1. Which links in LYS100/LYS313; LYS52/LYS149; LYS52/LYS100; LYS149/LYS173 stretch past 24 Å when you go from one Cα to the other?
2. To the nearest 10 degrees, how steep is helix 61-72 against the longest Cα principal axis of the chain, on a 0 to 90 scale?
3. Taking amide H positions as placed 1.01 Å from N in the peptide plane, with prolines and chain starts having none, which residues 5 or more places from ARG165, or on another chain, fall under 5 Å of its amide H?
4. Rolling a 1.4 angstrom probe over the protein heavy atoms, how many square angstrom per residue are accessible across the chain?
5. How long are the semi-axes of the equivalent ellipsoid of the range 63-118, defined as square roots of 5 times the Cα gyration tensor eigenvalues? Whole Å, largest first.
6. Based on the alpha-carbon gyration tensor of the range 78-180 and its eigenvalue square roots a ≥ b ≥ c, which shape applies: rounded if a/c is under 1.5, prolate if not and a/b is larger than b/c, or oblate?
7. Assign unit charges at the C-beta atoms only (+1 for Lys and Arg, -1 for Asp and Glu), then state the dipole size of the range 15-121 relative to its Cα centre in Debye, rounded to the nearest 20.
8. Which ³J(HN,Hα) values, rounded to whole Hz and listed in residue order, are derived for the range 332-343 from phi using the Karplus coefficients 6.51, -1.76 and 1.60 in 6.51 cos²θ - 1.76 cosθ + 1.60 with θ = phi - 60°, glycine and proline given as x?
Amino acid sequence: AVVLGSATPDIESYHRTETGDYHLLELPGRVTPYENAPMPKVEIVDLRAELKSGNRSMFSRPLAAAVRRALAGNEQVMLFLNRRGGATCIQCRDCGFVIKCRRCDVPLTYHLADNLLVCHQCNHRSAVPGICPQCGSRRIRFLGAGTQKLEQETAAVFPGARLLRWDSDTTGKRDAHREIMEKFRNHEADILIGTQMITKGLDLPLVTLVGVVNADTALNLPDFRSGERTFQLLSQVAGRAGRGPLGGQVIIQTYSPDHYAVQAASRHDYGSLYRREIEYRKELHYPPFSRLASLVYSHSNEDAGLKEAQRQKAALAAAIDTLGISGIRLIGPAPAFVHRLRGRYRWQIMVRGHDLSEFLSDVPFAQGWVIDIDPVGL
């Protein structure tokens, strides 16, 4: 017997319970060491309104007030931001040039602690330039924010609070996860700042407030599962609040307060998310109503990579015609989400339909292709 347990099951798994492939067992109540610990109340804060009122801080007025109340009551707070580093990118104010990795087609992220620019794909590191490499201007601007920037601003807004940060930059050494967890559990810190590492499975009775600093980091990614993933993250981090006798509160800051995933998470309502998602999936013929395969080709030369991707698509289309297969659709080739990675250009073809493993096993592929059946992410 196999038991799949989750408070936020993926859409495909839950759909299998409706078709009878899986047997559904539900646990509607919350399980904590303390009796009658209800799910925390969730408040959504519209960051657009905060900006209009002149508040440019990472903390909305409701979240700042809630943190002060928790600290005054000798309680603990968790602040969630699913992006590490100090600034998302560095841009020249005069010519608009964005400093990117030399090997990957992504902006370099500024890390405050090391005062370095870091590529989050290949880990290339370089010094922060004093002038723009393109136009020579000294008007360099740091855009966006990660957990390091959040830690810096939290220390400025709440100067008496003891802080801990939990992300991949602070957990490089052995036993770092356990040490951070034990410090926070022993109340050696008042506020824990972290990425998705802090969302899963932590039972901390003194945490009465969870603040989601920006709920939109994964909401608009080019992946049909972005709404589902956002709901899962928000639901999981919300579950860290109010697990003790003091109760709890969650504040979600977002520029998309009406998005169905954010609204469903604020009500702890998996059912409404599932109904909306399954409607979209059926209309667009995405899983669970079909299967997907991701075919990615990489080459050091961009044009050569494109020609091979086009040739492979033509070969796939010919195989579909020869075999007389209906219901298989080819999408692409198109540049992968990260088009250049570690010096190699990547092109992607999506195959949508049924019995894809059987179909693709009969099609020859040149060296350099990576085939992923039922990819977790696009």
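The values are calculated or read from the model by the stated rules, or taken from the named source; none is laboratory data. Note that the coordinates shown come from a computational prediction; the quantities given were computed from them, not determined experimentally. No Cβ is skipped: glycine too gets one built from the backbone with ideal geometry, and neighbour counts run over all protein chains shown. Just the protein is used for accessible areas: all its heavy atoms, side chains included, with ligands, DNA and RNA removed. Shrake-Rupley method; radii C 1.70, N 1.55, O 1.52, S 1.80 Å.
1. Details: LYS100/LYS313 31 Å; LYS52/LYS149 22 Å; LYS52/LYS100 32 Å; LYS149/LYS173 22 Å.
In this structure, LYS100/LYS313; LYS52/LYS100 exceed 24 Å between Cα atoms.
2. Around 50 degrees separate the two axes.
3. Excluding prolines and chain starts, which carry no amide H, the hits are ILE193.
4. Heavy-atom SASA per residue in the chain reads 52 Å².
5. Each semi-axis is √(5λ); the values are 35, 13, 9 Å.
6. Details: a/c = 2.75, a/b = 1.61, b/c = 1.71.
Cα axes put the range 78-180 in the oblate bin.
7. 560
8. Those phi angles translate into x, x, 9, x, 5, 3, 9, 5, 10, 10, 6, x Hz.
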